[in-house]
Amino acid sequence: MNSTTLNTTVQHGGTRGWVPQSNDRGTLDILTSCAITTFLCIWTCACVNVPAPGKGSRDIIQDRWHMFCLGILGPEFVLMSAIGQYCCAKTATQKFRTVKKSQPTDDWTMRHSYFADMGGVHVKFDGCNAFPVNAEQLHYLVAKEYLQYPSHLTLDVIKDKNKRDGLSRLLYRIISSVQMFWFTLNTIARPTQRLAVTTLELTTLGYIFCALGTLCFWRNKPMDILYPVTLQCESELKKIVSEFPGASLEEYHLTPLECISRKEWIGSQLWVYYVNILRRMRVVIIRPRVKPVLTRPMVFLMLLLSFSYTGIFVAGWNLYYPSNVERLLWRISTLGTLVVVVIGAIFEASYMFLRPNQISEEVDVPRDIEQTKQPGAPARPSKEKKLSTLKRLLSKTRNNSPDQDPALEIPLHALLFTTPLCALYTIFRIYILIEDIISLRRLPVSAFVSVDWSMYIPHINI
């Protein structure tokens, strides 16, 4: 069957159910194309942290799979995390370049900062085992001359540890980019020839949009690092911690040096809170403390990207749907996601301007410290507070972290405001994914016609 015959059929209109493979495209072609593109979009972007000591490649694959699951549920969450980590790496890189001339740090790059933030640098103090430090903490140690600048940590060393760098990573990215480009081009070209676009293809465009943004912000982040670099510090850990009022080796939640950069703001608190809910539901199991920590310009950029992503689904307002109820539900769900993003943006902006001191430049602490601490490391205390039943219940409601980290306690009014929004957003997103599949039971005939690219190629009739 050629394109001419199919285009003639399209003019008669009508709908069809499952269409087998043909010279054009069938239902399985649509499913396969969208599935492959979605998988490449999310799997390519998954940059996980360095495994804890004693772990290996199996742990990396597991973490990549969990991040893949999170990307399926909401690719914008992975994009938000990438933007936050980019801000952290950029801030740390700029700080390293202001260190005293006695410690040359001109060769410190964004890749170095990413490597440290993802758990690639551990520091060993006398009396305790090595533990990870992020780029900002490492900068503090170098700037205060507690630690010599790790001049041996060159880009070649990081590339050597990065099993996906070089030609293999380039080919991997090229294959994914070509598939994403070709899929986008085909989908955009369909309306120009009056060919139907399915909601599944529209959703796949949303994954591509988030994937391109994630790849852009994580372009310097290493992938699949198995083993960290350990630095020996001759200074006393107790002396360093004592410089920070209120800090103590007996009281910490992430690492003994969290006092250097440990600050939280409402965005990061809410991020950790809702990810913890997903962990308890066993939807995702993410070991790294991956949370967005943004500067003000990046907050607005993140909100703009979220607005654009949800707007892609609104573009399907007048697509064909098997029933009027499904069309109504699609419009409610897509418009609802857009409204939730707008309301969330107003909420975030109000916190930024009304409580500017809560904005932090704190970077992510990689990999669960429980797995990095060994006998000999400073012990984490367990405080027992005598609280009334009501206060204890409120405390657990506002703070669902496993160890009741006080820095992650969320104001009750913020929790009451954002929880219904997140619930609605989740319902809307689930319906969109469901509709993508059930709408395939009946599609316009033109949905099974491929784009006729010869229309765009100049030719001479003989």
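The values are calculated or read from the model by the stated rules, or taken from the named source; none is laboratory data. Treat the numbers as computed from the prediction; the structure is a model and nothing was measured. Cβ coordinates were reconstructed from backbone atoms using ideal geometry, including for glycine residues, and neighbour counts include every protein chain displayed.
Restricting to the stretch 110-159, and then to whatever is of a type in the set (Gly, Ala, Ser) and assigned to a helix (DSSP H, G or I), can you tell me which residue is nearest to Thr93 (Cα to Cα)? Spell out how you get there, then give the answer.
The first filter runs over the stretch 110-159 and keeps only residues of a type in the set (Gly, Ala, Ser), leaving 113, 116, 119-120, 127, 130, 135, 143, 151.
In the following step, the residues that additionally are assigned to a helix (DSSP H, G or I) were identified as 113, 116, 119-120, 135, 143.
Numbers: Ser113: 6, Ala116: 11, Gly119: 16, Gly120: 15, Ala135: 8, Ala143: 13 Å.
Only one residue tops the list, namely Ser113.
Check whether at least one residue in the stretch 421-439 is out of contact with any strand residue (DSSP E or B) (no Cβ under 7 Å at 6 or more places or on another chain), in a helix (DSSP H, G or I), farther than 30 Å from Arg194 by Cβ and at pLDDT below 70, and report yes or no. No, every residue in the stretch 421-439 fails to be out of contact with any strand residue (DSSP E or B) (no Cβ under 7 Å at 6 or more places or on another chain), in a helix (DSSP H, G or I), farther than 30 Å from Arg194 by Cβ and at pLDDT below 70.
Residues checked against (1) out of contact with any helix residue (DSSP H, G or I) (no Cβ under 7 Å at 6 or more places or on another chain); (2) modelled with pLDDT under 90; (3) among the hydrophobic types (A, V, I, L, M, F, W, C):
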| site | (1), (2), (3) |
| --- | --- |
| Leu155 | no, yes, yes |
| Ile158 | no, yes, yes |
| Asp165 | no, yes, no |
| Ile208 | no, no, yes |
| Pro222 | no, yes, no |
| Ser235 | yes, yes, no |
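Yes or no, residue by residue, for (1) over 25 Å from Arg429 (Cα atoms); (2) in a helix (DSSP H, G or I):
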site	(1), (2)
Ile175	yes, yes
Gln179	no, yes
Thr184	no, yes
Pro191	no, yes
Val197	no, no
Leu200	no, yes
Thr204	no, yes
Ile208	no, yes
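This table checks each residue for (1) out of contact with any Gly (no Cβ under 6 Å at 6 or more places or on another chain); (2) closer than 22 Å to Ile437 by Cα; (3) in a loop (DSSP other than H, G, I, E, B).
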| site | (1), (2), (3) |
| --- | --- |
| Arg25 | yes, yes, yes |
| Thr32 | yes, yes, no |
| Ala52 | yes, no, yes |
| Ile60 | yes, no, no |
| Leu70 | yes, yes, no |
| Ile83 | yes, no, no |
| Gln94 | yes, no, no |
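For the stretch 17-58, residues that are at pLDDT below 80 and surrounded by 13 or more Cβ atoms within 10 Å (Cβ to Cβ) total 5. The set of residues from the stretch 312-357 being small (Gly, Ala, Ser), assigned to a helix (DSSP H, G or I) and at pLDDT 90 or above comprises Ser333, Gly336. Contact annotation: residue pairs with Cβ atoms under 6 Å, 6 or more positions apart or on different chains, pairing a residue in the stretch 219-235 that is of a type in the set (D, E, K, R) with a partner that is surrounded by 20 or more Cβ atoms within 10 Å (Cβ to Cβ), are Lys221/Cys47; Lys221/Tyr114; Asp224/Ile60.
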